[in-house]
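Notes follow once the structure below has been shown.
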Amino acid sequence: MKENAYTLNDRKWRMIGIPLLGMVIPLMLHFDEFLKLSRLFFLSFLMSTLLTLTFWEGNRYIIIWMRRIFPEYSQTGRRIAAQALLAVAYVLLVCLLLDELYYKPVYHVSVLAVGFRISIVPTVIVYLVYEAVYFFDAWKMNVRKTEALMRENVQSQLEVLKNQLDPHFLFNSMNTLAALIDDENTAAQDYLEKLSDVYRYVLVSRNKNTVPLSEEIAFVDAYVYLNKIRFRDNLQVEKQLSGTTLAHYIAPLSLQMLIENAIKHNVATRENPLVIAIRDDGDGYLAVENNISEKTILEKSTRVGLQNIINRYGLLTDKEVKVTRDEAQFTVRIPLLDQSVE
C-alpha cells in the first residue's frame, strides 16, 4: 500500500486527465472560437494544457511528499490539511510568476486574481481524484489486514488454548482446590494463584490485537513464577524496561511465546542456567535474548512460535520482527507499538 502511495501508478490518469482538463477552460472562455476552430482557441488550449501539466505535476509531488511524511491511515486529517495549504501556496506562486513573466510584459495587465481562481479548479479536481482513490485503497487494505489479523489470532488462540476446559469449570475447580490446600502451605497457594492469573490473562487477551506492555509483563511474571517452581535458579529472567517503554503496546502472548521457546529449546541446569533478558533495544524495539544451550532432545512443540509472532506483527506494523543468532546468544526484537490496534 505504501509503496503504491509513493510511486503513484497513475500514468493513464495523467495522459488522459491533463489534456482533458486543458480543454475545459478554453471551452469555457472561448467556446465561439472553438466552433470556428480558430487559431486563438488552439493557442488557448496549448497554454491551458501547459498550465494544467504544471499544476498537476507539482501537486502530484506534494501528494507523494505528504504521504511519506504522514503515511498512517490515522494521519489522514493532518495529511489532507498539509496538502491543502501547500497546494494553495503552490498555485498562488505559479500564478504570480506567470503574471510577472507573461501577462504584464505581453498584455500590460495583471490577471493574478482571475488566474488564481481559474487555476484552483483543476487543482481541486486532481486532489479529489487522488484522495478518493487513495482513501478507497487504504480502506480495502485495512479490511484485508483486519481479516488476516483475525485469522492469525484465531490460530494463536486455538494453539495456546488447545484442549481448553470450560473457563467457569476450571476457575471453580481452582477455587475448590485452594480451599483444600492447607493455609500453612503458602507455596501451593501462591502457585495456584499465579496459575489462575496466567489462565485469566489468556482468556482476557485472546480477543485483542494488542495489549499494553505493562500488562504483558505482569502476565510474564506470573508465567515465569510457575516455571521457576520447576527450574528454580536454573531459570533466570532479567528485565530492563523504563516507564516510557512499558506504556507501549505489543501483540498479546508474544513475550510468553518467546520465553516458552527459549525454555523448550535450551537446557537449564545449575552449571549452565538459562538466562533470558527482556530489554528496550532502542529504535522502537523490545529485545528478548537468551543464551544458547540446545537440548539434544526437544520437547514436543505446540506449533505456536516465532512464525506466528512474525505473521501477527506483519499485520500490525510495517516494522519487521528481527531475529539474530550467533554461537552464544539468540535474540528476537519485536516492534513496540505507539497505540492500541483494535
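Just so it is clear, none of the values below were taken in a lab; they were calculated from the coordinates. Predicted model only: the values in this text are computed from it and were never measured. We place every Cβ from the backbone using ideal geometry, glycine too, and count neighbours over all the protein chains shown.
The table below gives the values:
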{"read-out": "Gain upon complete extension [PHE136, LEU85; 0.36 nm per residue less C-alpha separation]", "value": "16.1 nm"}
{"read-out": "Segment 210-342: relative contact order in percent, alpha carbon pairs under 8 Å with at least 6 residues between", "value": "27 percent"}
{"read-out": "THR186-ARG78 FRET efficiency (beta carbon distance; Förster radius 51 Å; 0.05 resolution)", "value": "0.40"}
{"read-out": "FRET efficiency, 1/(1 + (r/R0)^6) with R0 25 Å, evaluated for ARG68 and ARG11 via beta carbons", "value": "0.80"}
{"read-out": "Over 28 Å between alpha carbons, listed pairs LYS295/LYS319; LYS208/LYS239; LYS208/LYS322; LYS264/LYS322", "value": "LYS295/LYS319"}
{"read-out": "Full-stretch length increase - ILE118, ILE217 - with 0.36 nm per residue and alpha-carbon distance subtracted", "value": "29.7 nm"}
{"read-out": "Cα-based equivalent ellipsoid, segment 210-342: semi-axes from gyration tensor eigenvalues, Å", "value": "24, 16, 14"}
{"read-out": "SER242-LYS264 FRET efficiency (beta carbon distance; Förster radius 45 Å; 0.05 resolution)", "value": "0.95"}
{"read-out": "Stretchable slack from VAL143 to GLN339, in nm (0.36 nm times residue separation minus alpha-carbon distance)", "value": "68.7 nm"}
{"read-out": "Computed label-point distance, nm, for sites VAL129 and LYS319 using a 7 Å Cα→Cβ extension", "value": "3.8 nm"}
{"read-out": "Long-range HN-HN contacts of TYR285 with modeled amide H, under 5 Å", "value": "LEU336"}
{"read-out": "Separation of the GLU327 and ARG232 label points, Cα + 7 Å toward Cβ, nm", "value": "3.2 nm"}
